[in-house]
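All remarks here apply to the structure that follows.
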Amino acid sequence: MTNQQKSLPAWPAIVHGKCPRCRRGDMFATPMYGFKAQVMNKTCPHCGLLFEREPGYFYVAMLVSYAMFVAEMVTMAVAIHVLTGSSNPWLYVSIILSVGVLLSPFNFRYSRIMLLHWLTPGLHYQPETSADRVE
Ligand SMILES: [Zn+2]
């Protein structure tokens, strides 16, 4: 190998919402929490990967975010039970729904990140694409 390409680790790329192919370009054009709606880049600004693999691809992400929401609800229900020992259903409903709303931008973003990083066959990290672009 003549080309000494330093490969980028997976976890920082996943946490920061980077492109699954080059791990450098941002998947999202807006911050996770803000007054503007979240906007996803159509293609990777670094390597040009098309994020929406086919029309309607992100409907699958809704299933992923649903699974995340269920997992969060169960976690919260257990946490409420352990912390308060309460059996009042309204306590559970109000806390779970308000935390669910707070987490929805997080779920929106990470469901798409998980879909592209882990659940898309044939889409893998290609270290050669993370090199600095020759302008
Ligand atoms: Zn990329």
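So which residues in region 30-51 are at pLDDT below 95, of a type outside the set (Lys, Arg) and exposed (fewer than 15 other Cβ atoms within 10 Å of the Cβ), if there are any at all?
Pro31, Met32, Tyr33, Gly34, Phe35, Ala37, Val39, listed by residue number.
Conditions: (1) more than 25 Å from Pro12 (Cα to Cα); (2) at pLDDT 95 or above. Glu54 meets all but one. Number of the miss?
Unmet for Glu54, out of (1) more than 25 Å from Pro12 (Cα to Cα); (2) at pLDDT 95 or above: (2).
Within the set of pairs 6 or more residues apart or between chains, which connect a residue that is closer than 15 Å to Tyr66 by Cα inside region 88-112 to a residue that is part of a helix (DSSP H, G or I) and aromatic (Phe, Trp, Tyr) with Cβ atoms less than 7 Å apart?
Gly100/Phe69; Asn107/Phe69
Is it true that Ser7 is among the small types (Gly, Ala, Ser), touching a residue at least 60 places away in the same chain (Cβ under 8 Å) and outside any helix (DSSP H, G or I)?
For Ser7, the condition - among the small types (Gly, Ala, Ser), touching a residue at least 60 places away in the same chain (Cβ under 8 Å) and outside any helix (DSSP H, G or I) - is met.
When you scan region 44-62, how many residues do you find that are in contact (Cβ under 8 Å) with a residue 40 or more places away in the chain and assigned to a helix (DSSP H, G or I)?
Within region 44-62, residues that are in contact (Cβ under 8 Å) with a residue 40 or more places away in the chain and assigned to a helix (DSSP H, G or I) number 3.
Could you grab me the full set of residues in region 23-43 that are touching a Leu at 6+ places or on another chain (Cβ under 8 Å) and assigned to a loop (DSSP other than H, G, I, E, B)?
Scanning region 23-43 gives Arg23, Arg24, Gly25, Met27, Lys42.
Against the definition (loosely packed, with under 15 Cβ neighbours inside 10 Å, small (Gly, Ala, Ser) and out of contact with any helix residue (DSSP H, G or I) (no Cβ under 9 Å at 6 or more places or on another chain)), how does Gly56 come out, yes or no? Walk me through how you get there before you give the answer.
Values: loosely packed, with under 15 Cβ neighbours inside 10 Å: yes; small (Gly, Ala, Ser): yes; out of contact with any helix residue (DSSP H, G or I) (no Cβ under 9 Å at 6 or more places or on another chain): yes.
Yes, satisfied.
Looking at Leu115, Leu123, can you tell me which residue is within 16 Å of the ligand (Cβ to nearest atom), assigned to a helix (DSSP H, G or I), closer than 25 Å to Gln38 by Cα and touching a residue at least 12 places away in the same chain (Cβ under 8 Å)?
After applying the criteria, what remains is Leu115.
Just checking, how many residues over region 9-45 are closer than 21 Å to Pro121 by Cα and within 11 Å of the ligand (Cβ to nearest atom)?
14
The values are calculated or read from the model by the stated rules, or taken from the named source; none is laboratory data. Remember, predicted model here, so these are calculated numbers, not experimental data. Positions of Cβ are backbone-derived with ideal geometry, glycine not excepted, and every protein chain shown enters the neighbour counts.
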